[in-house]
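Engineer: To start, I am sharing the structure in question, which I have written as structure tokens.
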């Protein structure tokens, strides 16, 4: 593998940089307990080459470190001019330990396993990670070059390198019988029509009327690559969540009802940690009047309890998580839950809640706000009685329009047309019905005016 590519991509699930051999046994053990990898001696964490002179004595020391692991590990040592590369194979006698204990590769770092984690590791070792497996149905030497270009830009990887070399180094593909083939991670990120091979990669987004799963106002099933699915789910929520405005000087700042940071973290978490062995179940993003639920199949990864959320990280799909980390969709492994709660607190929202069964669900409570006069005269709570009455009296389309107007009394007919997806004459017809029922009136001119909702 070209050293320039390795340094440009940085540390990851298969790559570790070290200046010296201090702590080398921990890195060797962590790779042997995972899927194998390479330790580059003479390179700092940031990618700066400081050099490492590989003498016969140093080679002997490295071999002794590997042999002294329990069980011993057979490594291959490569001399590359100013640095040394230690190739560590995936072990076939797991778990391996060094003097400091048992370690496992977790994203771009080595994590020590406690007793419970070690027990879980031993129990699940017979089951391979989904993201590392290969699908024999997938065509050889085939990937979507447009998706590849977008991904490496997000990962800040130079376009000068051969794509196949980059994908192999990222763990998304390999050469089998001299033929280049994507594994499941490669298919999920870069495959052509990945839903044909992994149909349960979809994210299903649903907008409901009311507080239960009864009347659907909007539904979208996103079945493209993982990054496109994440972005489309965010767009869906931004289209249907409330927007308010903050005026600072001459500038107007849009404020989403739930902070985008929290939404993004929750959706990325669902994509990274769902159980892809569970077929026939999608990730669900469900928006109700009083909450947003984001659910991923498979519950929590083995070794993680609900009380551990925000305190420790257990990766169900280490390769998928590694790619999302490189592409800046994950800031730091194991910190997403804390960032969600921090973003909610900062914007005055209630804390997210969690539930675990066959799904893992993050639930965001929503304060529903209704306008009774001007945009400054807004109640903090929508009366259940009032909401129920509207739900019974109005069609789904009229209820959706009224909900959008509640969220933004100054919303224009043009904006309503864009969001709802019907023509302007249909918008106007439904508005006239709302006016005729005495629920809605217009205050002021078309420009500069606002909607007023009347309790009745």
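Engineer: Determine which member of the set 40, 52 is crowded, with 16+ Cβ neighbours inside 10 Å, modelled with pLDDT of 95 or more and not in a helix (DSSP H, G or I).
Structural biologist: The conditions single out 40.
Engineer: Just the residues that are within 21 Å of the chain's Cα centre (by Cα) and either surrounded by fewer than 21 Cβ atoms within 10 Å (Cβ to Cβ) or touching a residue at least 60 places away in the same chain (Cβ under 8 Å) (or both), please, taken from region 153-180.
Structural biologist: Selection gives 153, 154, 155, 156, 157, 170, 171, 172.
Engineer: What single numbered condition from (1) farther than 21 Å from residue 275 by Cβ; (2) in a loop (DSSP other than H, G, I, E, B) fails to hold for residue 134?
Structural biologist: Tallying (1) farther than 21 Å from residue 275 by Cβ; (2) in a loop (DSSP other than H, G, I, E, B), residue 134 fails exactly one: (1).
Engineer: Only one of 230, 203 is out of contact with any strand residue (DSSP E or B) (no Cβ under 6 Å at 6 or more places or on another chain), at pLDDT 90 or above and crowded, with 20+ Cβ neighbours inside 10 Å. Can you tell me which?
Structural biologist: After applying the criteria, what remains is 230.
Engineer: Now for a separate question. Hey, residue 313 hits all of (1) touching a helix residue (DSSP H, G or I) at 6+ places or on another chain (Cβ under 7 Å); (2) buried (at least 19 other Cβ atoms within 10 Å of the Cβ); (3) in contact (Cβ under 8 Å) with a residue 60 or more places away in the chain but one; which does it fall short on?
Structural biologist: (1)
Engineer: Take residue 181 and tell me if it is within 28 Å of residue 104 (Cβ to Cβ), at pLDDT 90 or above and not in a helix (DSSP H, G or I).
Structural biologist: Values: within 28 Å of residue 104 (Cβ to Cβ): yes; at pLDDT 90 or above: yes; not in a helix (DSSP H, G or I): yes.
Taking the combined requirement at face value, the residue satisfies it.
Engineer: Pick out the one residue from 11, 58, 78, 27 that is at pLDDT 95 or above, out of contact with any helix residue (DSSP H, G or I) (no Cβ under 9 Å at 6 or more places or on another chain) and not assigned by TED's automatic domain parsing to the domain that holds residue 332. I'd like the intermediate steps shown before the answer.
Structural biologist: Details: 11 fails: at pLDDT 95 or above; 58 fails: at pLDDT 95 or above; 78 fails: at pLDDT 95 or above.
When all the criteria are applied, what remains is 27.
Engineer: Check whether at least one residue in region 62-73 is touching a helix residue (DSSP H, G or I) at 6+ places or on another chain (Cβ under 8 Å), under 30 Å from residue 8 (Cα atoms), outside the structural domain of residue 308 (by TED's automatic domain parsing) and not in a helix (DSSP H, G or I), and report yes or no.
Structural biologist: yes
The values are calculated or read from the model by the stated rules, or taken from the named source; none is laboratory data. Note that the structure is predicted; figures quoted are calculated from it, not measured. Here the Cβ is made from the backbone with ideal geometry for all residues, glycine too, and neighbour counts use every protein chain on show.
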